[in-house]
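Here's the structure, in structure tokens; my notes come after.
The values are calculated or read from the model by the stated rules, or taken from the named source; none is laboratory data. Quantities reported herein were computed from a predicted structural model and do not represent experimental measurements. Every residue, glycine among them, receives a Cβ derived from its backbone with ideal geometry; neighbour counts consider all protein chains shown.
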Amino acid sequence: MILAAAPGAAIFTKEGCALRSWKFWLGVLISAVFVWLTARGLEWHAFTAALRDARYGWLVPAIGIYFVAVLARTWRWQRMLRPMQPIALHRLFPLVVIGYTGNNIFPARAGEVLRSYLLRRQAGISVSASLATVALERLFDGLMLCVFALAMLPFLPLPVIYERIALLAGGAFLMALLILLLLATQPTRAEALTTRLIGLVTPSRLRDRVTRLAARFLSGLHVLRSPRDLAVLAGSSALAWLAEVGTYWFTARAFAQLDVSFATLLLMAAVVNLATMIPSAPGYVGTFDKPGIEVLKAFGHPTNLAAAFTVVLHVVLWLPITLLGLLLLLRSSLGRRALDVVAHAPDTSALATPSERRDWEALHPKP
């Protein structure tokens, strides 16, 4: 799924404007179904009572450790970009935060394109190469989540459906990562293979342009050639997710009656984040909440308490980083321009270099 198209790629074109896209409305419909499924099983009096009685002071460390997870992901991205250009961590952190904001308020993970565009403007790294590192991030994240879910099997017997999903998803992520590893470690063969495939499926007038886009994408995979870098990517991914589950744990402490183990929360994090791969409205409305509640219910936690915790957790994961990202965007004229482009997609010029723009327009001619 990740390799099929760059995140938010449709935003490069006028036709990709969010409100005109059937994919956007499909996501809204799916979110509406998930919200309905969540709401119909609630006793609203008990649900609101759980929210009212929560000890919200615990959200302060929850938010703090979440930004530790974001910092770990920034470190990972820095490592991925190093073969192309060394970039200081403090320059990348705002871009990662802005990327989260874009993902939270726009459909189709548009935040990934947003931070790739800002990276190109700051460091000159092409959008195509940057999106290759984004694809790597998603693969490492997905694989790490599946490893966590499967590692919990001896301690927390999973319902059969979750076990099968973890096995299938883990296999898919591992296969995709192995393919990228082969492409990165065998550059000559990778170039020959992509040239051959492009020749088979692409009209002759577009082959040169597609080949250039593929070459830029492959350049973003250079980090996979180093075993040491691979170990750092795996370690930073594990650190990021463990820190994020720390956010779950501190948020759970806000609900005195919710006696949930760290292992259960680790499993919940794996399930809900894999579930957010399902198309949804911006912010993963519904697709985050319903699976999280179901995991907690599977381990005997009351529905209303599980729902109250999951909703508060969703807000903790969504609101602070979104506000910070908007602040960073609005303080920068470049950021405001980028935000406007992603929101309205008036043309392609602001998101790519002239060469990338010509290649993209050739692949997506106007009717």
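Structure data summary
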{"quantity": "Condition check for R115: assigned to a helix (DSSP H, G or I), farther than 26 Å from W25 by Cβ and either out of contact with any Phe, Trp or Tyr (no Cβ under 6 Å at 6 or more places or on another chain) or among the small types (G, A, S) (or both)", "calculated": "no"}
{"quantity": "Only one of A132, A149, A184 that is touching a residue at least 12 places away in the same chain (Cβ under 8 Å), touching a His at 6+ places or on another chain (Cβ under 8 Å) and among the hydrophobic types (A, V, I, L, M, F, W, C)", "calculated": "A184"}
{"quantity": "Any hit, the range 210-232, residues being in contact (Cβ under 8 Å) with a residue 40 or more places away in the chain, under 22 Å from F288 (Cβ atoms) and buried (at least 20 other Cβ atoms within 10 Å of the Cβ)", "calculated": "no"}
{"quantity": "Some residue of the range 85-97 being farther than 19 Å from E244 by Cα, in contact (Cβ under 8 Å) with a residue 40 or more places away in the chain, in a helix (DSSP H, G or I) and not hydroxyl-bearing (S, T, Y)", "calculated": "no"}
{"quantity": "Residue selected from the range 244-263 under the condition buried (at least 19 other Cβ atoms within 10 Å of the Cβ) and small (G, A, S), by the criterion farthest from the chain's Cα centre (by Cα)", "calculated": "A254"}
{"quantity": "Subset tally (residues that are among the charged types (D, E, K, R) and under 16 Å from R331 (Cβ atoms)) for the range 85-114", "calculated": "1"}
{"quantity": "Single condition F155 does not satisfy, out of (1) under 18 Å from L136 (Cα atoms); (2) not in a helix (DSSP H, G or I)", "calculated": "(1)"}
{"quantity": "Unmet criterion (only one of (1) buried (at least 17 other Cβ atoms within 10 Å of the Cβ); (2) at pLDDT 80 or above) for E191", "calculated": "(1)"}
{"quantity": "Wholly within the range 279-367, helices (runs of 4 or more DSSP H) carrying at least 3 residues that are modelled with pLDDT of 90 or more and of a type in the set (G, A, S)", "calculated": "303-330"}
{"quantity": "Identity of the residue in the range 136-152, more than 20 Å from the chain's Cα centre (by Cα) and assigned to a helix (DSSP H, G or I), that ends up farthest from V272 (Cα to Cα)", "calculated": "A151"}
{"quantity": "V223 vs. criteria assigned to a helix (DSSP H, G or I), at pLDDT 85 or above and of a type in the set (A, V, I, L, M)", "calculated": "yes"}
{"quantity": "Conditions (1) surrounded by 14 or more Cβ atoms within 10 Å (Cβ to Cβ); (2) not in a helix (DSSP H, G or I): number failed by I165", "calculated": "(2)"}
{"quantity": "Any hit, the range 174-185, residues being in a loop (DSSP other than H, G, I, E, B), of a type in the set (S, T, N, Q) and surrounded by fewer than 18 Cβ atoms within 10 Å (Cβ to Cβ)", "calculated": "no"}
{"quantity": "Any hit, the range 206-213, residues being at negative phi, at pLDDT below 80 and β-branched (V, I, T)", "calculated": "yes"}
{"quantity": "Matching option when the condition is in contact with an Asp or Glu (Cβ under 6 Å, 6 or more places away or on another chain), part of a helix (DSSP H, G or I), surrounded by 17 or more Cβ atoms within 10 Å (Cβ to Cβ) and polar (S, T, N, Q), among T133, T74, T38, T101", "calculated": "T38"}
{"quantity": "Of residues in the range 34-70 being free of Cβ contacts under 8 Å to residues at least 12 places away in the same chain and among the charged types (D, E, K, R), the one farthest from V245 (Cα to Cα)", "calculated": "R40"}
{"quantity": "Residue, farthest from the chain's Cα centre (by Cα), within the range 40-84, restricted to residues that are of a type in the set (K, R) and over 22 Å from I293 (Cα atoms)", "calculated": "R82"}
